[in-house]
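Trainee: The structure is given below, and queries will be raised subsequently.
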Amino acid sequence: MDVLVLIGRILFALLFLYSAVGHLTQHKQLGAYAASKGVPAAEAATLLSGLLMLLGGLSVLLGVWADLGALLIAAFLFPTALIMHAFWKETDPQTRQTEQISFLKDTALGGAALVMTAFFAHAGHDLGLTLTGPLLSMG
């Protein structure tokens, strides 16, 4: 079972690590896009979101306080879904559909991140293939 959890952690974390690199290396371009969506201090917000994804992704991947890492990812995903993918504001049907898919993807991944937070906190030190146990406790 430990190997399945490790494979799941790797697959989950890769998306956020890849996105974090983009946010941190292309913060001017992505910040301009965020500004067009009404995000205040958009470039700083882009850097902050990149940092959340990087720290959260590394934490989940390496199993270092993976519960906290999953929570950081959820903290990134839910505001992103609401602010960046507000499909209900779109009038063009194609754009609305694209934003709705992105909104649902972010909320589903956020839900998965919350489940991972609880899972890691509950499993505690019994979960193998991690470098540390959880920071939180739900025993």
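Only the coordinates and a few stated rules stand behind these numbers; no lab work does. Here the structure is a predicted model, which is why all the values come from computation and not from measurement. Here Cβ is always computed from backbone atoms with ideal geometry, including for glycine, and neighbour counts include all displayed protein chains.
Trainee: Top mean-square fluctuation among GLY22, GLY69, GLY110, Gaussian network model of the chain, C-alpha springs under 10 Å?
Mentor: So, out of GLY22, GLY69, GLY110, the one fluctuating most is GLY22.
Trainee: Cut-off 10 angstrom, C-alpha nodes, Gaussian network model of the chain. Which of PRO79, PRO40, PRO93 fluctuates the most?
Mentor: Taking springs between Cα atoms under 10 Å, the residue moving most is PRO93.
Trainee: Moving to a separate point now. For ALA86 and LEU48 in one chain, what is 0.36 nm times their gap in residues minus the Cα-Cα distance, to one decimal in nm? Let's see the in-between values first.
Mentor: Values: separation 38, 0.36 × 38 = 13.68 nm, distance 2.03 nm.
Gain on extension, ALA86 to LEU48, equals 11.7 nm.
Trainee: Take the chain, connect every pair of alpha-carbon atoms lying under 10 Å apart with a spring to form a Gaussian network, then pick out the residue of GLU43, GLU90, GLU99 with the largest mean-square fluctuation.
Mentor: Answer for the Gaussian network model of the chain: GLU90.
Trainee: Over the stretch 2-126, how many percent of alpha carbon pairs lie in each 10 Å bin up to the one with the longest distance?
Mentor: 14, 41, 31, 12, 2, 0
Trainee: Report, in order of residue number, the helices in the chain meeting two criteria: a C-alpha extent of 15 Å or more along the helix axis, and a mean Kyte-Doolittle hydropathy of at least 1.0; treat each whole DSSP H run as one helix. Could you put the intermediate results ahead of the total?
Mentor: Details: long enough: 2-25 (34 Å, 1.78); 42-62 (29 Å, 1.84); 66-84 (26 Å, 2.02); 93-123 (44 Å, 0.20).
Result, helices passing both filters: 2-25, 42-62, 66-84.
Trainee: Mind putting a number on the dipole of the stretch 2-126 about its Cα centre? Charges go on the C-beta only, +1 for Lys and Arg and -1 for Asp and Glu, and I need it in Debye to the nearest 20.
Mentor: On the way: 6 positive and 8 negative charges, 51 e Å.
It works out to roughly 240 debye.
Trainee: In straight Cα distance, which aspartates and glutamates are under 20 Å from LYS28, not counting same-chain residues fewer than 8 positions off?
Mentor: Cross-link targets: GLU43.
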